[in-house]
Amino acid sequence: MNEKISQAIADAFKVFGDKTRVNILFCLQDEEMCVDDIATALSMEQSAISHQLRILKDARLVKVRKEGRFSYYSLEDEHVSTILKMGMEHATEDM
């Protein structure tokens, strides 16, 4: 395997290593949301959500759509949703 590809995969999985970021991704699995809506859903401060969204965006796991002064976030593509679904299946397999 190409060294650059292995590093990109490792970097992506590091981002999945944070519970808050995983919760944000699950919020975005079915619909796009603004920072306020995500913060409310997760009972967190907007600044903390914004920080995590920046990390997720830099990792190409979420994308942003601007509408006026609002930014709406959604999963980057179906691959992210597939990873979340597979993670859920693996985590709950023996429960």
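The values are calculated or read from the model by the stated rules, or taken from the named source; none is laboratory data. None of these values were measured; they are calculated from a predicted model. Every residue, glycine as well, gets a Cβ built from its backbone with ideal geometry; the counts of neighbours run over all protein chains shown. We work out accessible area using only protein heavy atoms, side chains counted, and drop any ligands, DNA or RNA first. Shrake-Rupley method; radii C 1.70, N 1.55, O 1.52, S 1.80 Å.
At 7 Å along Cα-to-Cβ for each site, give me the label-to-label distance between K85 and T20 in nm.
2.9 nm
For the chain, what % of the accessible area comes from carbon and sulfur atoms, probe 1.4 Å?
Whole-percent figure for carbon plus sulfur exposure: 51.
Can you order the peptides 55-68, 15-28, 78-91 by their average number of other Cβ atoms within 10 Å per residue, highest first?
Put in order of decreasing packing, that is 15-28, 55-68, 78-91.
With charges only on Cβ, +1 for K and R and -1 for D and E, what is the dipole size of the chain about its Cα centre, in debye, rounded to 20?
Dipole of the chain, to the nearest 20 debye: 440 debye.
With no solvent and one point per C-alpha, what does the Debye sum give as log10 I(q)/I(0) for the chain at q = 0.17, 0.20, 0.25 Å⁻¹?
Computed log10 I(q)/I(0) values: -0.76, -0.99, -1.37.
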